[in-house]
1. With ASP417, ASP380 as the choices, which residue is in contact (Cβ under 8 Å) with a residue 12 or more places away in the chain, in contact with a Pro (Cβ under 7 Å, 6 or more places away or on another chain) and of a type outside the set (Gly, Ala, Ser)?
2. Looking only at the range 509-539, which residues are assigned to a strand (DSSP E or B) and of a type in the set (Gly, Ala, Ser)?
3. Report those helices (runs of 4 or more DSSP H) wholly inside the range 439-497 carrying at least 3 residues which are modelled with pLDDT of 85 or more and among the aliphatic types (A, V, I, L, M).
4. Quick one: count up the residues across the range 402-424 that are part of a loop (DSSP other than H, G, I, E, B), modelled with pLDDT of 95 or more and either crowded, with 17+ Cβ neighbours inside 10 Å or aliphatic (A, V, I, L, M) (or both).
5. Only one of GLU369, GLU389 is closer than 13 Å to LEU349 by Cβ, part of a helix (DSSP H, G or I) and out of contact with any helix residue (DSSP H, G or I) (no Cβ under 6 Å at 6 or more places or on another chain). Can you tell me which?
6. Kindly check whether there is at least one residue in the range 45-65 that is at pLDDT below 65 and loosely packed, with under 12 Cβ neighbours inside 10 Å.
7. Is one or more of the residues making up the range 393-401 buried (at least 17 other Cβ atoms within 10 Å of the Cβ), more than 29 Å from ASN343 (Cβ to Cβ) and touching a Ser or Thr at 6+ places or on another chain (Cβ under 8 Å)?
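The values are calculated or read from the model by the stated rules, or taken from the named source; none is laboratory data. Keep in mind the model is a prediction, meaning the values are calculated, not measured. When we count neighbours, we look across all protein chains shown, and the Cβ atoms used for this are built from the backbone with ideal geometry, even at glycine.
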Amino acid sequence: MTDVNQQAKQFEFKAETKQLLNILVHSLYTHKEIFLRELISNASDALDKIRFEITKGTDVAQKELPHEINIDFNEKENTITVSDTGIGMTEAELIANIGTIAKSGSADFIKKISESGAEATNIIGKFGVGFYSVFMVADKVEVITKSYKHDSKSLKWISDGLGTYEIVEIENKLSRGTDIIIYLREDQKEFAEKYRLEQIIKKHSNFISFPIKIKNEQINSVQAIWREPKSSLTKEKYVEFYKFLTFESEEPLEIIHKSIDAPIQFHCLLFIPSKSNEYFFYNREDYGLDLYVRRVMIQHKTKELLPEYLSFVKGIVDSEDLPLNISRETLQEDVVFNKITSNVTSQILNALTTMAKDDIEKYNKFWNEHSKVFKMGYMDFTNHDKYTELLRFNSSACQSEKDIISFEQYTSKMSADQKEIYYMVGNSREAILSDPHFEIFSRKGLEVLFLFDPIDEFVLSSIRKYKEFELKSVDQVDLSKLEKLSDINEKPKYESLEKDDELHFKSLLSKMKEIIGDKISEVCESKRLTDSPACIVNTDSGMSASMQKVLGMMNKESSVPKHIFEINKNHKLIRNLIKVFKKNSNDEFIKEITEQLYESSLLLEGYLSDSHKLVSKINSFMEDSSDWYVSVKKI
């Protein structure tokens with residue numbers, strides 16, 4: 001193709017173009033491959049425009065041309081050509097659209113659509129900005145274009161991107177549209193190879209609605225189903241797309257497909273996987289949704305679209321209102337983006353709420369797989385109520401450790417006299433059921449939530465209340481309130497102590513305090529114990545014992561905080577100890593039993609750092625009891 005015999009017109013880029021070109025080329029785009037995404041987006045824009053003109057009945061040149069994008073390359077000449085059969089440009093449009101940064105024909109086009117009442121969809125804007133990314137890889141660019149208007153001229157635009165450009169009329173092209181010929185720099189030869197071009201298209205432009213071909217072979221074959229109406233999509237189609245997106249073999253547990261029009265316009269297709277990929281919180285930063293702007297992928301795994309506690313969600317968000325050239329650095333500052341993020345979070349929580357209400361079995365599967373991550377949402381104060389309703393725990397009323405209940409279920413069974421929700425931390429259901437602190441709750445028939453996961457108490461300490469009910473650890477409960485409630489389980493039958501024995505019991509408590517010393521704050525009679533002889537109780541009413549331990553470990557603090565040592569005077573061991581004390585208040589047996597009870601209590605609460613002494617005493621007691629057994633049985 002030869003130039004028409006006429007003088008080329010030379011132009012200077014406008015001042016703002018010169019100033020911004022260096023920033024766009026060297027700073028805006030982190031990866032140089034992005035130039036192809038931008039050019040394909042512009043080509044798609046041009047094809048959208050010609051389709052609109054044809055639809056509204058405009059007399060368009062070469063109407064029969066297929067709407068497609070073709071990419072050619074020449075490894076020897078080190079060139080790439082990106083061609084479209086779109087709307088093309090006149091000389092005035094070339095100067096306006098390419099000669100000026102951020103001047104976009106799309107803006108005028110959308111205005112024209114709005115005036116005609118048509119729907120402004122799939123318009124990829126900001127042509128001027130995106131086009132100049134090509135100079136990251138090119139030392140010269142030629143744009144050959146012919147407008148859709150009849151009798152329009154074929155024009156060639158030429159520039160090295162340094163300050164000037166030329167426009168020259170050439171012999172008529174065979175077809176309408178635009179060809180962009182990129183003369184790659186010597187160090188950018190990798191882009192003149194088919195596999196590299198194909199890789200970029202599949203990564204960034206796979207869902208463009210027009211065919212993208214490399215040497216007549218179509219590369220983009222996957223449909224952007226998130227932009228399709230839900231009524232037209234089958235479950236099989238969703239599952240197929242999910243497996244394509246995530247490389248998972250199983251179906252997703254839940255599919256969330258939403259198209260939002262106000263206050264911002266975006267589409268999202270989200271999936272909750274059937275299985276968790278969390279392995280001891282390995283690679284926690286590798287999450288996020290793919291962010292698209294009008295079918296063009298802007299960022300893979302955009303963490304900013306999801307709060308961390310929803311990081312198990314996979315999928316795509318496609319915005320109509322974000323600029324195509326938005327960078328990761330400016331995402332969190334963008335008002336539109338923040339509204340999208342907030343809405344996406346809300347859509348996921350709404351879907352989980354519906355699942356919990358309508359399909360308990362499915363929600364339980366979700367909880368079993370993803371609760372470790374989901375529990376991290378206790379700091380999401382914006383969605384506090386939704387989040388709280390979705391929490392689940394095992395409880396004393398459950399049949400097994402696998403069963404879970406909600407706060408709503410817990411409160412629905414409470415008596416009118418109960419004003420608090422009780423919880424208890426432990427390694428297992430069996431451990432909690434045998435814990436001395438649980439005994440009074442069992443006796444009173446009060447349900448207790450069982451917390452097995454270390455994060456559980458942080459969750460409940462953070463949310464503090466459910467509706468009007470305070471959340472209370474069992475060792476922070478005011479026992480005087482519980483004592484007013486009737487027992488549903490009978491206490492073991494013990495005769496009341498004689499007045500003299502009562503006095504000796506009080507003296508025994510003083511003796512125990514003397515034996516243990518400053519390790520405890522006081523020794524007192526227990527009102528909470530039924531089956532156990534003794535326990536230690538936290539003195540800090542503002543923090544549970546388990547939380548104290550966690551914070552102590554975080555601060556590398558190994559000292560044992562002072563506790564109250566509670567003694568159950570109706571336990572057989574303590575009754576026998578009173579008898580020994582009456583006969584000899586300094587009997588060595590009292591010291592040994594007191595120390596043993598204290599260390600056993602420390603062991604149950606997780607404070608005993610050295611068990612050797614405890615085991616040695618147990619062995620000694622067993623030795624003595626074996627002598628007694630042999631003697632009594634006359635063996």
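1. Going through ASP417, ASP380 in turn, just one is in contact (Cβ under 8 Å) with a residue 12 or more places away in the chain, in contact with a Pro (Cβ under 7 Å, 6 or more places away or on another chain) and of a type outside the set (Gly, Ala, Ser): ASP380.
2. Of everything in the range 509-539, those that are assigned to a strand (DSSP E or B) and of a type in the set (Gly, Ala, Ser) turn out to be SER521, ALA534.
3. 456-463
4. 2
5. GLU389 is the lone residue from the list that is closer than 13 Å to LEU349 by Cβ, part of a helix (DSSP H, G or I) and out of contact with any helix residue (DSSP H, G or I) (no Cβ under 6 Å at 6 or more places or on another chain).
6. For the range 45-65, residues at pLDDT below 65 and loosely packed, with under 12 Cβ neighbours inside 10 Å: absent.
7. Yes, the range 393-401 contains at least one residue that is buried (at least 17 other Cβ atoms within 10 Å of the Cβ), more than 29 Å from ASN343 (Cβ to Cβ) and touching a Ser or Thr at 6+ places or on another chain (Cβ under 8 Å).
Per-residue answers, yes or no, for (1) surrounded by fewer than 20 Cβ atoms within 10 Å (Cβ to Cβ); (2) more than 20 Å from ILE69 (Cα to Cα):
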position: PHE135; (1), (2): no, yes
position: ILE158; (1), (2): yes, yes
position: GLY163; (1), (2): yes, yes
position: SER175; (1), (2): yes, no
